[in-house]
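First comes the structure, then the notes that go with it.
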Amino acid sequence: MAKNRYDFYLKKCLLPVPPEKLQIKINNANKTVTLINGQQVNLLKKAELSDVEFECLLPQAKYPFAVYKSKFKRPGYYLDYFEKLKTKRKPFQFIVSRYLPSGKMLFRTNMKVSMEDYTIVEDAGEGFDVKVKIKLKQYRSFGTKTLKMTKNGKKTKKKKVKEELPPRETENSPAPASPQSYTVVKGDCLWKIAKHFYGDGSLYTVIYNANQSVIGGNPNLIYPDQVLIIPPE
């Protein structure tokens, strides 16, 4: 009997066994204050960064319930990958896809995160499989603006940098073999993105169907800084 399926990706790495539990804590910075008349009010502020925690199993043997993108990989491969995510100090995409037994996707969790902590657990009583407790932190992009002042006190104009899609080797390059993430920039449309990744703009519906929860009901309306999943064709 077919079961529900979960796919957990850390950047481009698919975890072989989906964690049994996923905890995402949505933090906020709201503050309750007491007025001079004794009444309390809640000051609503922007949400703080979310925390993500889960524990994953890394098998030493090829179990029938484990899933691999190409071939079986031992725990050492994943531990090296986690270490690189930590030491490179760069954000990456955390993606969880949930599927019904029919293959229909329910919804996705798709957020940019950083690797905060992970704990490696080995229990001789349970064989040589490795468990890893992972803590992620939501990441928000930020930047600074610089203004150069001339001697007469006037601001100089900043040169605009054109944002472009990531390079693709040729128009006939194969479509992505596994889900990728793409951040929308000014001037993008789904047709243009599909043309870049698949070589055929008419396949924009593939991207739209995978990102309806992000885009909404109108595939013609996408906005800069939205993060989209680019599924295999």
Selection from the range 122-144 of residues that are without any contact (Cβ under 8 Å) to a residue 24 or more places away in the chain and assigned to a strand (DSSP E or B):
122
Any residue at all in the range 67-74 that is closer than 27 Å to residue 131 by Cβ and of a type in the set (Gly, Ala, Ser)?
yes
Within the range 40-60, residues being touching a residue at least 40 places away in the same chain (Cβ under 8 Å) and in a loop (DSSP other than H, G, I, E, B) number 4
Within the range 89-108, is even one residue in contact (Cβ under 8 Å) with a residue 60 or more places away in the chain, assigned by TED's automatic domain parsing to the domain that holds residue 134 and over 30 Å from residue 216 (Cβ atoms)?
no
For residue 61, state whether it is at negative phi, small (Gly, Ala, Ser) and under 24 Å from the mean Cα position of the chain (by Cα).
no
Condition test on residue 37, is it farther than 22 Å from residue 129 by Cα, modelled with pLDDT under 90 and assigned to a strand (DSSP E or B)?
no
Being at pLDDT below 85 and part of a loop (DSSP other than H, G, I, E, B), is that true of even one residue in the range 104-117?
yes
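The values are calculated or read from the model by the stated rules, or taken from the named source; none is laboratory data. Values in this document were obtained by computation on a predicted structure and should not be read as measured data. Here the Cβ is made from the backbone with ideal geometry for all residues, glycine too, and neighbour counts use every protein chain on show.
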